[in-house]
């Protein structure tokens with residue numbers, strides 16, 4: 001037992017301080033709830049040192065990331081329908097909080113707002129393509145057959161763009 005304890009102490013000393021975390025810090029780092037971290041621990045999440053009375057858990061964040069994202073995590077780890085009811089509730093609460101946070105930070109847009117923005121951008125692209133031959137003729141002094149070829153290219157680009165946006169239009 002004494003040799004094992006010395007090995008654990010040496011292993012802890014070798015880890016950078018920024019990689020060690022308690023359960024609350026793991027939850028914050030991975031943007032989940034502490035009960036979700038508890039569920040991970042029940043399912044085999046790696047631990048450096050188990051907590052107990054008066055002792056905090058010590059968990060290596062890198063090893064948790066490897067366990068979660070490196071293929072060693074259980075297949076059902078991210079499928080709430082395969083979780084126990086309490087874990088499922090925690091998963092949905094965590095997902096709702098992550099979504100709310102991403103919206104508040106402007107990193108996540110509602111679909112309707114994205115569609116409006118995309119529509120406006122595509123209208124601008126279509127108008128730019130439509131006016132390109134006129135601009136080439138007026139500003140670049142190009143005329144005749146070159147403008148007709150440019151108009152053909154513009155028409156093909158617009159048709160291709162339309163087919164990509166409305167796939168059933170073909």
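The values are calculated or read from the model by the stated rules, or taken from the named source; none is laboratory data. Computed from a prediction, not measured in an experiment: that's the story for all the values here. Glycine gets a Cβ as well: all are built from the backbone with ideal geometry, and neighbour counts include every protein chain shown.
The combined condition, being in contact with a helix residue (DSSP H, G or I) (Cβ under 9 Å, 6 or more places away or on another chain) and in a helix (DSSP H, G or I), is fulfilled by residue 153.
Taking residues in the stretch 85-106 that are surrounded by fewer than 13 Cβ atoms within 10 Å (Cβ to Cβ), and partners anywhere that are part of a helix (DSSP H, G or I), the pairs with Cβ atoms closer than 7 Å and at least 6 places apart or on different chains are 86/35; 92/80. Taking the stretch 1-68 and the helices (runs of 4 or more DSSP H) fully enclosed by it, the elements with 1 or more residues that are modelled with pLDDT of 85 or more are at 23-30, 34-42.
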